[in-house]
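Some notes on the structure that comes next.
The values are calculated or read from the model by the stated rules, or taken from the named source; none is laboratory data. Computed from a predicted model, the values in this text were never measured in an experiment. For neighbour counting, all protein chains shown are included, and Cβ atoms are generated from backbone atoms with ideal geometry for every residue, glycine included.
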Amino acid sequence: MTWQIQQRVNFYIEEFRPPALPQNIRRLLLQLAASAALMLLLTLLLLGYLQWLHYQQQQENQRFELLSSQLQEEIARHPPLVADSGLQQQLEQARMQLAASQKILFYLGREQLQQSQSFTPLIAQLGEQQVRGVWLQGFRVSDAGQQVRLEGFVDEPEKLSRYVTELLQRSAYSGKSFSQIDVRRSGQRWLSFVLDTAAPAPDEETAVTPLQKKLSRLQSQAGSGDGL
């Protein structure tokens, strides 16, 4: 009879297991490995980008050298331009003429402005007349405001006398007198009249009516300051 000793040994107990790193150390090692891999990847990408930039710079340098050589060829092919002395003289003459024309235009514009300002009181005071039965059809101011011509209609001759008397008492018409007074009966019930400070032509024969004589007398009275 054989005696065998049977014994079981449990190798999974703690004392038989291989030593293991702590959890926090293993986590730290994994983070270090991941960081190293990421740094390696970024380094490779940066090196690739630098190589690409270097290649692009080389291409731009070659292109710049090519364009520079073409520019030098074009400069050598076409000589530099030289200004024509005749054209320069024409340009200076044109500038002088332009300056002279601008001066003339400035003087003319200022003269027209002064004339328009001198016409303003004549026109403004002409519109201040308030005589009923007198209608102006048109007026003309010439000779820098020295000559005035009025045309219109009146329903009664006496109203025209009052109109002229009041007009000559205005400051803008002070010292003026109507040398031409033409009153005519139109086809309708009112009369047409023309008053003009310009002297009539020597060969112009105009029949003087009693109304025209009265208007002339009123002008003389208005000019001397006498009343009606």
Seminar exercise, completed: Restricting the stretch 182-220 to residues that are within 49 Å of the chain's Cα centre (by Cα) and modelled with pLDDT of 80 or more, the one surrounded by the most Cβ atoms within 10 Å (Cβ to Cβ) turns out to be Phe193
For this session: Please go through the stretch 123-134 and pick out each residue that is outside any loop (DSSP other than H, G, I, E, B) and in contact (Cβ under 8 Å) with a residue 24 or more places away in the chain.
Result: Ala124, Gln125, Leu126, Val134
